[in-house]
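Scroll down for the structure; my scribbles are underneath it.
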Amino acid sequence: MLAQARYTSIHMHVSEGELKEFIIDSGLVAKKEIDDAAIEAEKRGQSLGDTLVSRGSLTEDALRRIQAYVLGIPFINLKEHHIQTEVLSLIPEPIARTHNIIAFKKEGGSLEVAMLDVEDLASIETVNKKTGLRILPRLTDTESIKFALLQYQKSLKDEFGDIISTEAGKIRVVDEAGKDLSGDELKKMAEDLPIVRIVDTLLRHAIVQGASDIHIEPMEDQVLVRYRIDGILHDAMTLPKAAAAGIIARVKVLSNLKLDEKRLPQDGRFKMETEADRVSFRVSILPTFFGEKTVMRLLRETGEGFTLEKLGFHGENMERIHHALKQTTGLILVSGPTGSGKTTTLYTILDILNQPDVNISTVEDPIEYQMKRVNQTQVNPQIGFTFAAGLRSLVRQDPDIIMVGEIRDSETASLAVNAALTGHLVLSTIHTNSAAGAIPRLIDMGVEPFLLVSTVRVIIGQRLVRRLCETKESYTLDATERSKVTKEEEFNIAFKALEEEKLIKKGSTLNELPFYHPVPSAECEDGYKSRIGIHEILAISPAIREVMLKSSTSDAIEEQAKKEGMLTMLEDGIYKAARGITSLEEVLRAVTE
């Protein structure tokens with residue numbers, strides 16, 4: 001432990017009585033909710049603050065601010081500070097990210113650091129040893145930490161660009177005549193230091209950028225590298241054509257694929273650990289006219305836990321899902337195209353269901369996130385271990401809840417429905433454009449309508465839209481402008497949802513409803529950062545069961561669901577656009593794709 005003179009420690013001990021008073025005064029939580037939480041806290045031996053956070057009544061950041069106010073601790077919003085690069089870099093990015101500690105101000109022999117936990121003495125000691133400065137901890141919130149971590153990324157981008165351009169110049173040109181290289185020659189290329197460095201840098205760069213996919217595309221006279229960030233493909237860099245063979249060979253070595261096979265598609269997988277992340281790469285290699293194209297999907301294994309709220313569920317939508325999760329049998333489906341976040345939604349639902357008194361088994365392709373206490377199985381079609389074969393075996397494993405990665409054929413559909421009929425809660429995904437479209441799709445796969453009526457509990461249709469950054473431009477639409485976007489009825493339904501959730505002022509009209517345009521900035525290049533879901537939740541009611549038995553068309557099912565208050569994806573998108581979460585342009589792009 002350091003001597004007291006070396007740093008300033010702040011002990012966040014607030015009496016329960018004081019904390020309760022200040023939370024009531026803040027007006028952030030209703031008095032009854034605070035009283036209920038106080039009783040629960042006493043029973044569990046928890047603090048009132050922790051209980052309110054676990055119940056979702058108060059965010060961790062709001063609790064930190066209240067504690068800081070009670071104790072008179074300086075609270076710092078890093079977004080209001082211009083942090084000099086030389087000060088920021090006094091704490092290396094991995095330490096800053098792992099320990100949530102940011103250097104933001106240096107004066108003489110003192111360094112002010114912003115932290116989420118000012119009692120984390122080990123982190124303070126580490127920074128003290130590294131800098132030799134007197135450390136002055138200040139309290140901050142998670143948004144401030146995220147904002148500061150982005151500044152590290154900017155300097156990393158420049159560094160990566162320099163490494164790649166330097167190493168690209170060192171590549172040995174061995175295939176200039178266009179001859180086919182042997183496996184040994186390709187292996188030698190894959191171990192070439194410049195190639196190793198380029199591929200390693202490409203992967204690290206993609207992780208830092210928050211990319212979900214890397215595309216390496218050979219062209220006639222160069223290699224194009226593109227990253228998919230927040231659902232949009234961006235050109236990242238171009239490399240000399242001479243690098244193509246070595247880069248593909250290096251990716252094949254990492255993925256344990258055949259080096260000399262260039263005529264057939266290949267699929268593989270490998271993992272990479274950085275200081276802050278453990279990332280799994282799913283690799284697909286496809287022969288094209290100018291060579292082999294490689295696409296790598298990034299799956300972060302150390303990603304933060306999601307909640308339904310964080311994914312974008314709210315109000316009646318949330319109630320419908322929670323009602324379905326209370327059932328012990330039946331089928332819960334998530335529908336949408338590739339890359340619409342279906343698996344993330346399923347894992348979030350599994351996390352809610354993952355209690356000590358249930359046995360959960362999954363069959364997936366691939367296993368995207370490891371979950372504690374869940375028995376996860378990876379399919380392997382090459383040896384005949386398909387979803388259907390896995391599901392058939394799972395039923396004999398005494399599960400209460402089964403998750404099937406995807407229903408993609410009639411055999412899997414039939415087995416999933418039978419499992420739901422015989423006392424299991426079955427979760428799965430299906431590729432359709434809307435929630436209602438899942439029913440005719442399953443009937444097309446050979447499942448009888450009367451079986452679907454007995455098993456399907458809820459269908460979640462979804463897309464992903466980009467979130468607007470904090471800096472955005474507000475505007476309003478009159479009836480004429482609204483009609484150019486979509487029907488007035490859809491704006492009215494979104495307006496009603498906002499009213500029901502008390503998110504707009506009483507007496508407001510549709511003409512006063514604000515919408516927002518993105519504003520590009522240094523932190524947000526195109527005005528957007530990260531993504532959120534827009535959803536439609538089709539709960540199977542007695543009236544919808546009647547429609548399913550009579551006509552089974554998606555239009556008829558959707559019409560009845562809307563009569564029963566279902567928000568469509570477009571309406572949920574308008575709702576989120578009016579809340580300033582996304583823009584109307586982004587909603588229309590996602591829904592009409």
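Taking 0.36 nm per residue of separation and subtracting the Cα-Cα distance, full extension of the segment from GLN378 to ASP277 would add 34.1 nm.
Between ASP35 and ASP184, the FRET efficiency from the beta-carbon distance, with R0 = 56 Å, is close to 0.15.
If you sort the three axes of the alpha carbon gyration tensor as a ≥ b ≥ c, you get a/c of 1.5 or more for region 399-484 and a/b above b/c, which makes it prolate. Return the lysines within reach of LYS506: Cα separation strictly under 28 angstrom, same-chain partners fewer than 8 residues apart disregarded; answer none if there are no such residues. Qualifying lysines at Cα under 28 Å: LYS31, LYS32, LYS310, LYS472, LYS484, LYS487, LYS496, LYS562, LYS563, LYS576. Here the spin labels are modelled as points 7 Å beyond Cα on the Cα-Cβ line, and at PHE22 and THR85 they lie 3.9 nm apart. Full extension of the chain segment joining LYS106 with LEU193 gains 27.4 nm, where the gain is 0.36 nm per residue of separation less the Cα-Cα distance. Dividing the radius of gyration of the alpha carbons in region 453-571 by their Kirkwood radius gives 1.05 for Rg/Rh. Restriction of the trypsin sites (Lys or Arg not before Pro) in region 221-302 to DSSP coil positions whose beta-carbon has at most 11 other beta-carbons within 10 angstrom yields ARG263. Bridges between two residues of the chain, per DSSP, are antiparallel at a rate of about 65%.
Each peptide among 468-479, 126-137, 570-581 gets the average number of other Cβ atoms lying within 10 Å of its residues, and from highest to lowest they stand as 570-581, 126-137, 468-479. On the basis of the beta-carbon distance and an R0 of 22 Å, LEU150 and SER474 show a calculated FRET efficiency of 0.40.
For the chain, the solvent-accessible area of protein heavy atoms averages 48 Å² per residue (probe radius 1.4 Å; ligands and nucleic acids excluded). With only the Cα atoms considered, region 225-349 has a convex hull volume of 167 Å³ per residue.
Around the amide H of ARG269, modelled in the peptide plane, lie the amide H atoms of VAL283, all under 5 Å away and 5 or more residues distant in sequence or on another chain. Within the accessible surface of region 237-310, defined with a 1.4 Å probe on protein heavy atoms only, the carbon and sulfur portion equals 53 percent. Per-peptide packing, taken as the mean over residues of other Cβ atoms within 10 Å, places 35-48, 499-512 in the sequence 35-48, 499-512 from highest down. When the label point is put 7 Å from the Cα of PHE450 along its Cα-to-beta-carbon vector, which residues of region 541-585 have a backbone N closer than 13 Å? 549-550, by backbone N distance to the label point. Per Stokes-Einstein, at 37 °C and 0.692 mPa s, what whole-number D in µm² s⁻¹ belongs to region 88-140, with the Kirkwood radius over Cα pairs as the hydrodynamic radius? Answer from the Stokes-Einstein relation: 309 µm²/s. Under the criterion of Cα pairs below 8 Å and six or more residues apart, the relative contact order for the chain equals 9 percent.
Diffusion coefficient of region 240-289 by Stokes-Einstein, Kirkwood radius over Cα pairs, 25 °C, 0.890 mPa s: 205 µm²/s. Within straight-line reach of LYS187, meaning a Cα separation under 21 Å, sit the following lysines at least 8 residues removed in sequence or on another chain: LYS170, LYS179, LYS241, LYS252, LYS258, LYS262, LYS271, LYS293.
The values are calculated or read from the model by the stated rules, or taken from the named source; none is laboratory data. In this text the structure is predicted, and so the values were computed from the model without any measurement. When we count neighbours, we look across all protein chains shown, and the Cβ atoms used for this are built from the backbone with ideal geometry, even at glycine. Accessible surface areas use protein heavy atoms only, side chains included; no ligands, DNA or RNA. Shrake-Rupley method; radii C 1.70, N 1.55, O 1.52, S 1.80 Å.
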